[in-house]
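Heads up: the structure comes next, in structure tokens.
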Amino acid sequence: MQAQTKLLRILIFLLAIQASSTARAQLTKYQVLDVIDLPPELDPERSDSCSLEFQEQWILNVSTFSISKEVEAYGISCKDSTETLSLPEGEVRLKDISYEFAFLDLMDIMGQKASQLQEAMIALINHRYPFPDVYDPAEQLLSVYFHEEWVIEADHQVFKKKVKGITPVIWQQRQTADGEALPDAQTGYPVYYKLKLERIDLRHP
């Protein structure tokens, strides 16, 4: 009887380790440098030379079906050295911020890590909303739209983001009827058509 009890405890312990390992595998963290155009709410003059730059930690959690972003540093960068912009004073809350994040923009900078981030995003989406068989997400999911809420406290240098949802974007390369790629005639670069899939609402961690 004691031997059976001891064996049962060992099995429970091994199952606990396996469950813990699975949970860790479903949660992935990435350091990301994200650069986006200034939202109209922060740029009344609609300047096209300034952008927001973020150094962030992203946590993708498949088990909770959530994405969280921790802004570690941020700033405004302007191509025109004579132009300067700053964030409003006090607390600013922005509820409906949507912008496109392209994995292609990171490929040259992050290399393999960018591919791993793309794979983690595919795993997160497939967990609840599997891609139709007609698409190859590893080749075609080259960007996503993030739908977020922002809280900015410029006086205290605090910038918080809540990811409320994402919209996957499928990129389809222009081809002939025989399936051969049709690059741009002048540059020789591939030409893509982008297809937005349905928005996916996420849970809040």
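Results, tabulated for the structure shown:
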| item | result |
| --- | --- |
| Residues Thr28, Thr187, sorted so that the one with the fewest Cβ neighbours within 10 Å comes first | Thr187, Thr28 |
| Exposure proxy order (Cβ contacts within 10 Å, fewest to most) of His147, His127 | His127, His147 |
| Two-site label geometry, Glu180 and Ala123: point separation in nm, points 7 Å out along Cα→Cβ | 4.0 nm |
| Sorted by Cβ neighbour density within 10 Å, fewest at the top, the residues Phe103, Phe159 | Phe103, Phe159 |
| Set Lys160/Lys194; Lys29/Lys113; Lys69/Lys113; Lys29/Lys160; Lys69/Lys164 screened for pairs whose C-alpha atoms are more than 21 Å apart | Lys160/Lys194 |
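Just so you know, all these numbers are worked out from the coordinates, no wet-lab data involved. Model, not experiment: these values are computed from the prediction. Note that each Cβ is placed from the backbone with ideal geometry, even for glycine, and that neighbours are counted across all protein chains shown.
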